[in-house]
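Remarks on the structure that follows.
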Amino acid sequence: MRRDHRDLPDELALPLSTGAPWWYWLGGRPSVDLVNTLRERWNRQVETLASRDDLAAWLLEADVTADLVRIPRLVVEEALDLREAIDALIVAAVNGQSPPPSAVRTVDDLLAYAGVRPHLTSGDDGSLRLGERPPADSARRALGTIALDAAQMLGTPNERARIRICASDTCSARFYDRSPAGGRRWCSMRGCGNEAKARRHRERLRVSA
């Protein structure tokens, strides 16, 4: 079940044994959702990919794998490195800064696993069929898919212009703005957007009083 944005409880025991209850899916693309697995970037920096099992479950729920896959320890490190590289590129894009070269290299290196692997087979009736070869390392292939999504977003001017960071001071969510006008400021109107409206209303009442 996909969840909307929720504030993390102050009494949350850290580090988390599993971060699955705290994943949310407001990024609009798998690469941005990956960035959002580090919650409260503005405060406690809560890691929600707490184990290899967490990463396997997250990749499945993010629809970049078809089944739970085996996650080698090195792939966990690569996933976290990819996450932070994408975030560095998002922050640079939002702030109009030059992209960090090391972050570009990290994303680019994983693009090698995103390509199609052709596979020619002969069917039972003797006819040839061109398909795709099963990935030798499906976990790394999933990271390649996420890297490709990030590259398509960041490397295309029109798409890059829709990258956002939530305007709330107490939210670090990144998101891809799919609204027709491209004017979203909040990761979620039901969450941060409503909170901001409530704060403005209270401030107007205070000034009036």
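Restricting attention to region 163-177 and to residues that are within 15 Å of the chain's Cα centre (by Cα) and open to solvent by 30 Å² or more (accessible area, probe 1.4 Å), the residue that is farthest from Arg41 (Cα to Cα) turns out to be Arg164.
Return yes when Leu59 is out of contact with any Leu (no Cβ under 8 Å at 6 or more places or on another chain), assigned to a helix (DSSP H, G or I), open to solvent by less than 10 Å² (accessible area, probe 1.4 Å) and not small (Gly, Ala, Ser) and no when it is not. For Leu59, the condition - out of contact with any Leu (no Cβ under 8 Å at 6 or more places or on another chain), assigned to a helix (DSSP H, G or I), open to solvent by less than 10 Å² (accessible area, probe 1.4 Å) and not small (Gly, Ala, Ser) - is met.
Candidates are the residues of region 28-51 that are of a type in the set (A, V, I, L, M) and either under 12 Å from Phe175 (Cβ atoms) or touching a His at 6+ places or on another chain (Cβ under 7 Å) (or both); the one that is surrounded by the fewest Cβ atoms within 10 Å (Cβ to Cβ) is Val32. Restricting attention to region 131-159 and to residues that are over 15 Å from the mean Cα position of the chain (by Cα) and among the charged types (D, E, K, R), the residue that is modelled with the highest pLDDT turns out to be Glu159. Residues in region 3-22 that are open to solvent by 10 Å² or more (accessible area, probe 1.4 Å) and under 15 Å from the mean Cα position of the chain (by Cα) were compared, and the one that is nearest to Val75 (Cα to Cα) is Ala20. Residues of region 139-173 that are assigned to a loop (DSSP other than H, G, I, E, B) and aliphatic (A, V, I, L, M): Ala161, Ala167, Ala173. Of the residues Ala139, Ala112, Ala93, the single one that is small (Gly, Ala, Ser) and within 24 Å of Ala57 (Cβ to Cβ) is Ala139.
Restricting attention to region 110-138 and to residues that are touching an Asp or Glu at 6+ places or on another chain (Cβ under 9 Å) and in a helix (DSSP H, G or I), the residue that is least open to solvent (accessible area, probe 1.4 Å) turns out to be Leu110.
Of all the numbered requirements in (1) part of a helix (DSSP H, G or I); (2) at pLDDT 95 or above; (3) more than 20 Å from Trp25 (Cα to Cα), Ile71 misses one, and that requirement is (1). Given the condition closer than 26 Å to Gly182 by Cα, among the charged types (D, E, K, R) and part of a helix (DSSP H, G or I), answer yes or no: does some residue in region 94-106 qualify? No, region 94-106 contains no residue that is closer than 26 Å to Gly182 by Cα, among the charged types (D, E, K, R) and part of a helix (DSSP H, G or I). In this structure, does Trp25 turn out to be in contact with a Cys (Cβ under 8 Å, 6 or more places away or on another chain) and surrounded by fewer than 21 Cβ atoms within 10 Å (Cβ to Cβ)? Judged against the criteria, Trp25 is not a match. Somewhere in region 24-37, is a residue in a loop (DSSP other than H, G, I, E, B) and among the small types (Gly, Ala, Ser)? Yes, there is a match, as at least one residue in region 24-37 is in a loop (DSSP other than H, G, I, E, B) and among the small types (Gly, Ala, Ser). Of all residues in region 73-89, those that are closer than 14 Å to Ala142 by Cβ and touching a residue at least 40 places away in the same chain (Cβ under 8 Å) have Cβ atoms under 8 Å from Cβ atoms of residues that are open to solvent by 10 Å² or more (accessible area, probe 1.4 Å) and polar (S, T, N, Q), 6 or more apart or on another chain, in Leu82/Thr106. Checking each residue in region 61-100 for being over 17 Å from Tyr113 (Cα atoms) and either of a type in the set (Lys, Arg) or out of contact with any helix residue (DSSP H, G or I) (no Cβ under 9 Å at 6 or more places or on another chain) (or both) picks out Arg73, Val91, Val94, Asn95, Gly96.
The values are calculated or read from the model by the stated rules, or taken from the named source; none is laboratory data. Only a predicted model underlies this, so the values are computations on that prediction, with no experimental measurement involved. Ideal geometry is used to build each Cβ from the backbone, glycine not excepted, and the neighbour counts take in all protein chains shown. Side chains included, ligands, DNA and RNA excluded: accessible areas come from the protein's heavy atoms. Shrake-Rupley method; radii C 1.70, N 1.55, O 1.52, S 1.80 Å.
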